[in-house]
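A short write-up of the structure that comes next.
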Amino acid sequence: MTDDEKNARYEQVAKEIASVIEGENHPITRMATISCLLSQAFEHYYWTGFYMVDPDKPQDLIVGPYQGTLGCLRIPFSRGVCGAAARTRVTQIVPNVNKIDDHVVCDALSQSEIVVPVIDKAGELIAVFDVDSTALGSFNEVDGAWLESILSDAFG
């Protein structure tokens, strides 16, 4: 998929997400809707979902709403791509997860990944949004910019 095609698809799905979640304030409902609509919009989205900050262990992420195969139940901030996004609050784009020393393998078919921190209106990290692909190099800055925008509009 070219960057122009990605931009067009993201523009369309961003409008759809905004329309569907308008007036709905519950974060889990928003997360479930965003995971579903993005997963359906892109064929290369193999696993699409949220890992939420555990209120009982705020240095851990726990699986939230997602689309795909079984996700890891818990990921500490100290490990993997999701942990790095949570720790640094910076979007992580990984063209090849096999080259990440502390990669947390939830599904061995995943080859590339993007993880975006989800920040609420108070500036608090509430989750990370994780997308895996079975192909190498599936994600780039176009994906990062659009996902950051969609998630900021939905939760920020």
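Summarise the accessible area of region 55-156 (1.4 Å probe, protein heavy atoms) by the percent that is carbon and sulfur. Carbon plus sulfur share of accessible area: 53 percent.
The count of lysine pairs in the chain whose Cα atoms are under 30 Å apart, excluding pairs fewer than 8 places apart on the same chain, comes to 6. Can you tell which of THR134, ALA86, PRO55 lies farthest toward the positive end of the dipole of region 30-156, using +1 and -1 charges on the Cβ of basic and acidic side chains (Lys, Arg; Asp, Glu)? Farthest towards the positive pole: PRO55.
Here is how the number arises for the chain: DSSP H runs of 4 or more residues each give -39500 (n - 2.57), the sum is divided by the residue count, and the result at 222 nm is -12000 deg cm²/dmol. Give, as a single signed number, the net charge of other residues whose beta carbon lies under 12 Å from the beta carbon of VAL118, with Lys and Arg counted +1 and Asp and Glu -1. Here the count lands on -2.
Label positions at LEU109 and ALA41, each projected 7 Å from the Cα along the C-beta direction, are separated by 2.3 nm.
In terms of Cα atoms, the Rg and Dmax of the chain work out to 14.2, 43 Å.
Principal axis analysis of the Cα atoms in region 43-106 yields extents of 34, 24, 18 Å, listed in decreasing size. The residues of the chain have, on average, 50 Å² of accessible surface per residue, using a 1.4 Å probe with all protein chains present.
The values are calculated or read from the model by the stated rules, or taken from the named source; none is laboratory data. The structure displayed is predicted, hence computed values, not measured ones. Every residue, glycine among them, receives a Cβ derived from its backbone with ideal geometry; neighbour counts consider all protein chains shown. Protein only, heavy atoms only, side chains kept; ligands, DNA and RNA dropped before computing areas. Shrake-Rupley method; radii C 1.70, N 1.55, O 1.52, S 1.80 Å.
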